[in-house]
1. Give the residue, chosen from 60, 88, that is open to solvent by less than 70 Å² (accessible area, probe 1.4 Å), under 24 Å from residue 29 (Cβ atoms) and either within 16 Å of the ligand (Cβ to nearest atom) or more than 16 Å from the chain's Cα centre (by Cα) (or both).
2. If you scan region 195-212, which residues turn out to be open to solvent by 50 Å² or more (accessible area, probe 1.4 Å) and near the ligand (Cβ under 7 Å from one of its atoms)?
3. Quick check, is residue 111 modelled with pLDDT of 95 or more, open to solvent by 60 Å² or more (accessible area, probe 1.4 Å), out of contact with any strand residue (DSSP E or B) (no Cβ under 6 Å at 6 or more places or on another chain) and of a type in the set (S, T, N, Q)?
4. Among the numbered criteria (1) more than 14 Å from the ligand (Cβ to nearest atom); (2) surrounded by fewer than 19 Cβ atoms within 10 Å (Cβ to Cβ); (3) in contact (Cβ under 8 Å) with a residue 12 or more places away in the chain, which single criterion is violated by residue 176?
5. Residue 255 is checked against (1) within 14 Å of the ligand (Cβ to nearest atom); (2) in a loop (DSSP other than H, G, I, E, B); (3) closer than 29 Å to residue 121 by Cβ and fails just one. What number does that condition carry?
6. Find the residue count for region 23-53, including only residues that are open to solvent by less than 60 Å² (accessible area, probe 1.4 Å), in a helix (DSSP H, G or I) and out of contact with any strand residue (DSSP E or B) (no Cβ under 9 Å at 6 or more places or on another chain).
7. Only residues that are out of contact with any strand residue (DSSP E or B) (no Cβ under 9 Å at 6 or more places or on another chain), away from the ligand (no atom under 11 Å from the Cβ) and either open to solvent by less than 50 Å² (accessible area, probe 1.4 Å) or part of a loop (DSSP other than H, G, I, E, B) (or both): list them for region 213-235, please.
8. What single numbered condition from (1) touching a helix residue (DSSP H, G or I) at 6+ places or on another chain (Cβ under 8 Å); (2) of a type outside the set (Ser, Thr, Tyr); (3) surrounded by 16 or more Cβ atoms within 10 Å (Cβ to Cβ) fails to hold for residue 186?
Amino acid sequence: MRISLHGQVALVTGGSSGLGAAAASALAEAGAAVVINYHSHAEPAEKLAAQIVANGGRAIAVGADISQEDQVHNLFAQTLEHFGALDILLANSGLQKDAAITEMTLADWNTVLGTNLTGQFLCARSALRQFIAQGLRPDVSRAMGKIIHMSSVHQTIPWAGHANYAASKGGVDLLMRTIAQEVGELKIRVNSIAPGAIRTAINAEETEGSAEQKLLKLIPYGRVGDAEDVANAVVWLASDLSDYVHGTSLVIDGGMSLYPEFRGNG
Ligand code: BGC
């Protein structure tokens with residue numbers, strides 16, 4: 001069975017690099033028009049949009065700091081202005097500012113929570129308002145809209161030295177499930193993806209060189225993930241092939257969350 005998102009419009013926050021960029025490409029390949037949001041570096045986002053257009057797709061790059069309400073409003077306004085509708089939100093923007101808890105500054109706490117949790121709330125709220133305003137579009141999807149939150153295995157695995165990040169992802173999990181409970185009756189589907197170690201800039205230190213061997217001990221499946229492993233799941237969750245999947249977090253981690261330390265009898 002082929003997945004098609006033809007006629008649908010997808011917005012990907014943090015779409016200029018890493019998981020967001022891979023997902024934006026995959027969504028475009030499946031036929032969606034894609035809005036690639038970036039925070040500070042326009043060039044990679046514009047390059048990706050141009051690449052998609054050169055391949056016959058539709059894409060634009062739009063700058064916005066998604067932790068800021070007015071910038072989120074503008075991002076959604078530009079999406080509608082260019083493509084006239086919104087069917088899929090991938091709330092993907094996320095960052096890490098790691099520190100021991102005793103050293104963690106309030107500024108770093110607020111920055112991480114602001115983007116990883118408040119930003120996901122602001123984008124989900126705008127997407128929901130748009131889905132409700134435009135109504136069901138039965139020619140393109142069985143659902144009235146789809147939201148995919150980017151979470152992490154650290155929504156459940158505590159992570160020393162990353163209290164702000166783990167707290168934000170734990171928050172994303174309950175945010176996602178609560179919204180799903182609240183809007184399911186409108187035929188809006190809300191899910192999340194919880195990736196483990198995926199090779200991107202956010203974890204280059206852990207996934208490259210000798211550090212990789214240490215990391216692999218935590219991954220029963222024996223390899224670090226690629227951004228495409230996650231992008232494929234994004235396309236599936238955005239499509240009608242997953243029409244009965246709602247309020248679920250899809251863990252994509254090569255088994256990292258299976259307590260791998262217990263291999264060999266604990
Ligand atoms: C983090 C990565 C980390 C992975 C597994 C992700 O959420 O962003 O830096 O490698 O979790 O620990």
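The values are calculated or read from the model by the stated rules, or taken from the named source; none is laboratory data. Since we're looking at a predicted model, the values are computed, not measured. Methodologically, a virtual Cβ is constructed for each residue, glycine included, from the backbone with ideal geometry; neighbour enumeration extends over all protein chains shown. We work out accessible area using only protein heavy atoms, side chains counted, and drop any ligands, DNA or RNA first. Shrake-Rupley method; radii C 1.70, N 1.55, O 1.52, S 1.80 Å.
1. Values: 88 fails: either within 16 Å of the ligand (Cβ to nearest atom) or more than 16 Å from the chain's Cα centre (by Cα) (or both).
None of the others qualify; the one that does is 60.
2. Filtering region 195-212 for residues open to solvent by 50 Å² or more (accessible area, probe 1.4 Å) gives 199, 201-202, 205-206, 208-210.
202, 206 - these are the residues of region 195-212 that are open to solvent by 50 Å² or more (accessible area, probe 1.4 Å) and near the ligand (Cβ under 7 Å from one of its atoms).
3. Working: modelled with pLDDT of 95 or more: yes; open to solvent by 60 Å² or more (accessible area, probe 1.4 Å): no; out of contact with any strand residue (DSSP E or B) (no Cβ under 6 Å at 6 or more places or on another chain): yes; of a type in the set (S, T, N, Q): yes.
Answer is no for this residue.
4. (2)
5. Result: residue 255 passes all but (3).
6. The number of residues fulfilling the criteria is 1.
7. If the condition is that a residue be out of contact with any strand residue (DSSP E or B) (no Cβ under 9 Å at 6 or more places or on another chain), away from the ligand (no atom under 11 Å from the Cβ) and either open to solvent by less than 50 Å² (accessible area, probe 1.4 Å) or part of a loop (DSSP other than H, G, I, E, B) (or both), then 216, 217, 220, 221, 222, 223, 231, 235 are the ones that fit.
8. (3)
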